[in-house]
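The values are calculated or read from the model by the stated rules, or taken from the named source; none is laboratory data. Remember, predicted model here, so these are calculated numbers, not experimental data. Here Cβ is always computed from backbone atoms with ideal geometry, including for glycine, and neighbour counts include all displayed protein chains. Accessible surface areas use protein heavy atoms only, side chains included; no ligands, DNA or RNA. Shrake-Rupley method; radii C 1.70, N 1.55, O 1.52, S 1.80 Å.
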Amino acid sequence: MLGKKLVTAQKRGETRALCLGLGMVACSMVMYFFIGITIVPFYTKSVWTTETVCKVLKVNIQDKVPCSNSEGSEDEDAFPYPCLQVWVNLTVSGQEVMLYQTEDTLERNSKCSYVPGKSENSKEVKARIETIASNFKKYQTLPCYYDPGGMQTNVILSRLYPPKSLLFAFLWPTLMFTGGCLIIFLVKISQYVSVLSAWQ
């Protein structure tokens with residue numbers, strides 16, 4: 001009687017562990033799919049892949065001509081703010097090009113080097129842009145990313161999803177997938193040992 005109870009408890013434990021392992025594998029597949037449709041397209045779309053050094057040439061703030069969040073956008077979506085323009089010297093080619101914060105900055109507004117968030121008020125935006133402009137004037141040399149293929153003549157200050165961020169994004173689903181497969185493997189080994197012991 002006690003032996004049957006132990007066998008029943010063992011089977012229940014194995015079933016729960018197997019469900020846990022399968023659940024972890026399924027969750028990791030969902031995470032892989034989510035990363036594949038969100039982060040990976042932005043990473044592969046970016047052409048600014050090579051890092052180099054840029055020297056700041058001009059820093060302008062156009063207070064009288066504020067920019068909107070995107071060209072051709074509706075009035076209700078427009079968010080006027082001072083337009084910060086930073087021109088740098090690309091040391092690789094010696095060209096004078098415009099510097100943008102990220103790839104998203106260029107898509108949102110190609111006229112400005114920095115695009116603030118819509119939730120910020122005008123005073124905070126103006127103070128932040130002035131601080132950024134003073135930092136650019138203070139630090140004349142800075143790292144930047146350019147397009148080695150020459151499709152984009154401008155440069156960006158930082159990438160939205162660099163290789164390290166992409167690897168970090170794939171780390172957690174990989175660990176979950178590995179842990180789930182390990183649990184399933186251990187359960188199968190336990191079942192195999194139980195069957196072998198019973199047969200002997």
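General observations
- All of MET151, MET98 fail the test of being closer than 24 Å to LYS45 by Cα, aliphatic (A, V, I, L, M) and open to solvent by 60 Å² or more (accessible area, probe 1.4 Å), apart from MET151.
- Matching residues in segment 126-141 - criterion: being touching a residue at least 60 places away in the same chain (Cβ under 8 Å), within 25 Å of ASP63 (Cα to Cα) and either open to solvent by less than 70 Å² (accessible area, probe 1.4 Å) or not in a helix (DSSP H, G or I) (or both): ILE129, ALA133, PHE136, TYR139, GLN140
- Scanning segment 154-164 for residues that are surrounded by 13 or more Cβ atoms within 10 Å (Cβ to Cβ) and of a type outside the set (Val, Ile, Thr) gives ASN154, LEU157, SER158, ARG159, LEU160, TYR161, PRO162.
- Taking segment 76-96 as the range and being modelled with pLDDT of 80 or more and not in a strand (DSSP E or B) as the test, the residues that pass are THR91, VAL92, SER93, GLY94.
- Some residue of segment 175-195 being surrounded by fewer than 17 Cβ atoms within 10 Å (Cβ to Cβ) and either in contact with a strand residue (DSSP E or B) (Cβ under 8 Å, 6 or more places away or on another chain) or outside any helix (DSSP H, G or I) (or both): no
- In segment 183-200, the residues that are at pLDDT 85 or above and farther than 14 Å from ALA26 by Cα: PHE185, LEU186, VAL187, LYS188, ILE189
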